[in-house]
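I have placed the structure first, in the form of structure tokens, so that the comments after it can refer back to it.
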Amino acid sequence: MFQRIRAPYLALGSILIPLVFSLLYPEGLTIIILALWSVVAACFGMWYTRRQAEYERKAALRSLERTAIATLNHHRHDWMNDLQVLYGYIRMNKHDKSAAYVETIKERVAEDSKISKLGIPSLVFYLQSFRVNAGNLQLSVQVEEQLKLDAVMSPEDGESLASAVIETVRAYQYGGGRSSWGEVRRLTLFFGMDQKDVIVRFEGSDIPADTNLLKQVKPIHGSERIRTEKLPTGEMLQIRMECQT
């Protein structure tokens, strides 16, 4: 990796060789060689930079594809589990439990539908694929009815809010003390509106009590209109963003 980054700089630095010769022997041929060498080095540097950018783009695309495939597999596994539970209830003639379980599935699908309509692609993808790499954190997401963030904020503000949400979840996931072996921590996110502000509320046990969490999240926002607030309950954290469409 270091060699890939260093190669274009070495090519440009190699111009010093004919440059020194042209200074020591200022002849026409030497100057021509310097000019040709400079052109070749510049072309190589531009070609290598484009090649490296293409390599990084393909690597990012492969990572995205792997995450998408893992997410689809995870959802397929969940559906198979749901079908097995329903099949078991039906075989045992427990129709009341079958109906209740179907309602549970409908509620989960409805929430997934609300998440997909938030309108910020990076945030939607993160929330939908979170369970793939959730570790010991169980994340639940609740979205206010008819909420579409892309309708109340610009794409730039949407990305700033997405970064704030993602980094806050990560700070909760990896900070605030260690959970015991096998313990599953739970965090609930609520997306809603408070007059002209978008609010994202984080509710869960063992939310880091120190102010370092707020300091960690604040520099990532990229927008002065985002505020992170610790609510009086002690187990709730809230991000508030002023909307300017």
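Here are some notes:
- Taking 0.36 nm per residue of separation and subtracting the Cα-Cα distance, full extension of the segment from residue 140 to residue 49 would add 28.5 nm.
- Normalised contact order of region 71-175, rounded percent, pairs of Cα under 8 Å and 6 or more residues apart: 27 percent
- In order along region 84-97, the phi-based Karplus estimate (6.51 cos²θ - 1.76 cosθ + 1.60, θ = phi - 60°) of 3J(HN,Hα) comes to 5, 5, 4, 4, x, 5, 5, 5, 8, 6, 9, 5, 5, 5 Hz; Gly and Pro are listed as x.
- Residue 147-residue 132 pseudo-label distance in nm [points 7 Å out on the Cα-to-Cβ vector]: 2.4 nm
Coordinate-derived values only; no laboratory data. What you see is a predicted model, and the numbers here were worked out from it, not measured in a lab. In this analysis, Cβ positions are derived from the backbone assuming ideal geometry, glycine residues included, and neighbour counts consider all displayed protein chains.
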